[in-house]
Amino acid sequence: MNKLKFAAVAGVVGLIAALAGCGGFVYTTVGGSVTGLTSTDSTITNTLVLRNDANYTQTLSADGTFAFNVASDASYTISVLTQPTTVFCTVANGTGHMTGSGSVTNVKVTCVPSVQVGGTLNGMNTGASMTLENNINNTDTTLQDSKTLSVNGVFTFPKYMPTGKPYDFSVYIQPVAQNCTITNGTGVADNTKPVGSFANIASVNCVQAVPVSVALSGLAAGGTIVFQNNGDTNSINMITQTINGNFTFNQSMVEGQAYNVTVGTQPAGQICTVTNGSGIAHLANPAGASNIPVTCVNK
């Protein structure tokens, strides 16, 4: 009986040893250190999420060490899944293949300060509001980083930008009956020149302008029509509507600027005609650009 027990134990030990030899139940760790993550501002907590391969994550909020559990013969790829708010982190020595049961501790995550970009708003009417956007990747498909302003003065965008990354400000929504333009709205973020030093400051200046609007009638139920001003396909100079009524373009025209309202997309089964859709904007007599008639009839 004792011999049988001994044989059974020996068999189990042998099996474990065999599994260990082929990476079976043996796990070790891969990790390293994080520096630059701890915020110097007590009101801000930087949260960094690291990922190993696609399935394993660790969340860190201060400088220190970290480690992932990995099989002794596994490959690893450590990357940043979620960047912190005020710093930008990169990973060194983050890929490799485990060659034994020893731990890997040389992965280095280094975080450097990011910077807020912004500017000054001047000339917007009291009670008005406008929305600016920062197209970090120079795309206009979504609002990646936006700021709605209701008073004149200094502003900053919510998102911090990594040093070396380009920024590009544009007006997403104009204030009513005004036209705002941006000076020095493009550049490269530089954490040695924070917004407080006015090195990254753009100037947004608003002047009085003439709103351009349409009066739509005859649009059939379920129909969709798209208007354009001056052939512009930017959303600020387009109106998409599915009902009849009066609608105003987001972009108002400055004194002496030409406007030309056209139908960019006709509704299915109908033809819509614009009457007196072009002219020159005049602040003293803005009526010509107001409620431009658009009539739809069935084909």
Looking only at residues that are at pLDDT 95 or above and of a type in the set (A, V, I, L, M) in the range 96-112, which one is surrounded by the fewest Cβ atoms within 10 Å (Cβ to Cβ)? 104
Return yes when residue 291 is touching a residue at least 24 places away in the same chain (Cβ under 8 Å) and not acidic (Asp, Glu) and no when it is not. yes
Please find, within the range 55-70, the residue that is surrounded by the fewest Cβ atoms within 10 Å (Cβ to Cβ) out of those that are of a type outside the set (A, V, I, L, M, F, W, C) and more than 15 Å from residue 35 (Cβ to Cβ). 55
Residue in the range 124-136 that is farthest from residue 163 (Cα to Cα), counting only those that are exposed (fewer than 15 other Cβ atoms within 10 Å of the Cβ) and in contact (Cβ under 8 Å) with a residue 40 or more places away in the chain: 125
Tabulated pairs, the range 71-100, first without any contact (Cβ under 8 Å) to a residue 40 or more places away in the chain and closer than 22 Å to residue 36 by Cβ, second of a type in the set (Phe, Trp, Tyr) and not in a loop (DSSP other than H, G, I, E, B), C-beta under 7 angstrom, 6+ apart or interchain: 95/76
Strands (runs of 3 or more DSSP E) wholly in the range 157-228 with at least 1 residues that are closer than 30 Å to residue 279 by Cβ - which ones? 166-173, 178-183, 201-208, 213-217
Just for the range 143-170: of the residues that are of a type outside the set (Ser, Thr, Tyr) and more than 15 Å from the chain's Cα centre (by Cα), which one is surrounded by the most Cβ atoms within 10 Å (Cβ to Cβ)? 155
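The values are calculated or read from the model by the stated rules, or taken from the named source; none is laboratory data. Values in this document were obtained by computation on a predicted structure and should not be read as measured data. Don't worry about glycine lacking a Cβ; one is built from the backbone with ideal geometry, like all the others, and counts go over all protein chains shown.
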